[in-house]
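Engineer: My questions will all concern the structure given below.
The values are calculated or read from the model by the stated rules, or taken from the named source; none is laboratory data. What you are looking at is a predicted structure, and each value in this text was computed from that prediction instead of being measured. Here the Cβ positions follow ideal geometry from the backbone for every residue, glycine too, while neighbour counts run over all protein chains shown.
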Ligand SMILES: [Zn+2]
């Protein structure tokens with residue numbers, strides 16, 4: 001058996017190419033290098049970019065990638081109904097906003113199709129195209145919080161995977177600004193330390209998400225400690241957050 005290398009990745013990143021991103025590519029790369037990641041996967045909003053700006057991102061990502069730090073440019077495709085589908089490794093825009101067509105587009109460019117934060121909006125979910133996806137976010141840090149996923153997000157993933165066996169459990173920082181960073185990594189088990197090697201490993205589920213309080217395999221298997229914490233500590237942390245919001249108001 002060929003041995004694999006473990007790379008520490010940060011998934012679901014936005015730069016200033018996205019209207020709500022606060023860090024330029026240089027700033028984002030500098031920031032995540034300082035956090036000791038081996039690679040980052042960028043996912044700009046499809047509606048904020050055009051062919052020219054994506055081509056520019058591809059070229060700058062290639063130029064700035066080194067043997068120790070890889071930058072994988074990609075897109076987060078907005079479909080109708082405000083549905084967001086991430087195309088890891090895909091930099092070509094799609095002319096359709098139909099989920100099935102977008103997923104086909106992602107696959108035709110050898111990318112990984114992942115449903116973003118399904119529990120924060122009431123997405124019109126259809127098993128027909130959900131079964132075409134490679135994965136779904138079980139925790140989206142920017143929308144759900146830095147410490148733990150919300151039980152609603154986990155439940156949503158579990159509902160979807162019941163009808164679409166093999167749907168991989170992804171986590172995403174959905175990082176737009178440094179303040180919302182948390183120590184979440186996608187430990188990725190690759191044959192080659194290349195962009196293709198990483199995309200291939202993500203596609204086949206050779207990864208595991210890890211943070212100080214929570215970890216989950218690509219098969220959606222949550223560690224026992226993580227399960228306990230989502231229940232008990234999650235309520236506490238969410239309570240603390242609403243108390244803080246109340247004070248700020
Ligand atoms: Zn995003």
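Engineer: Taking the condition of being within 16 Å of residue 140 (Cβ to Cβ), surrounded by fewer than 20 Cβ atoms within 10 Å (Cβ to Cβ) and modelled with pLDDT of 95 or more, how many residues in the stretch 68-97 meet it?
Structural biologist: 1
A quick yes/no check of all residues on (1) surrounded by 17 or more Cβ atoms within 10 Å (Cβ to Cβ); (2) under 20 Å from residue 194 (Cα atoms); (3) modelled with pLDDT under 95; (4) touching a helix residue (DSSP H, G or I) at 6+ places or on another chain (Cβ under 7 Å):
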| residue | (1), (2), (3), (4) |
| --- | --- |
| 3 | no, yes, yes, no |
| 28 | yes, yes, no, no |
| 36 | no, yes, no, no |
| 49 | yes, no, no, no |
| 64 | no, yes, no, yes |
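Engineer: Right, here's the next one. Looking at the stretch 168-184, which of its residues are without any contact (Cβ under 8 Å) to a residue 40 or more places away in the chain and either within 12 Å of the ligand (Cβ to nearest atom) or touching a helix residue (DSSP H, G or I) at 6+ places or on another chain (Cβ under 7 Å) (or both)?
Structural biologist: Result: 180, single match.
Engineer: Looking at the structure I just gave you, is residue 142 within 16 Å of the ligand (Cβ to nearest atom) and either at pLDDT 95 or above or in a helix (DSSP H, G or I) (or both)?
Structural biologist: Taking the combined requirement at face value, the residue satisfies it.
Engineer: Quick check, is residue 55 more than 16 Å from the ligand (Cβ to nearest atom), surrounded by 13 or more Cβ atoms within 10 Å (Cβ to Cβ), closer than 18 Å to residue 111 by Cβ and over 20 Å from the mean Cα position of the chain (by Cα)?
Structural biologist: Criteria met by residue 55.
Engineer: Go through the stretch 117-137 and count every residue that is modelled with pLDDT under 95 and either within 16 Å of the ligand (Cβ to nearest atom) or part of a loop (DSSP other than H, G, I, E, B) (or both).
Structural biologist: 10
Engineer: Within the stretch 1-38, count every residue that is within 16 Å of the ligand (Cβ to nearest atom), in contact (Cβ under 8 Å) with a residue 12 or more places away in the chain and on the phi < 0 side of the Ramachandran plot.
Structural biologist: Here the count works out to 16.
Engineer: If you check every pair at least six apart or on different chains, which have Cβ atoms under 6 Å apart with a residue in the stretch 135-150 that is touching a residue at least 60 places away in the same chain (Cβ under 8 Å) first and a residue that is assigned to a strand (DSSP E or B) and within 15 Å of the ligand (Cβ to nearest atom) second?
Structural biologist: Short answer, once both residue conditions are applied: 135/114; 135/170; 137/170; 137/172; 139/171; 140/172; 149/139.
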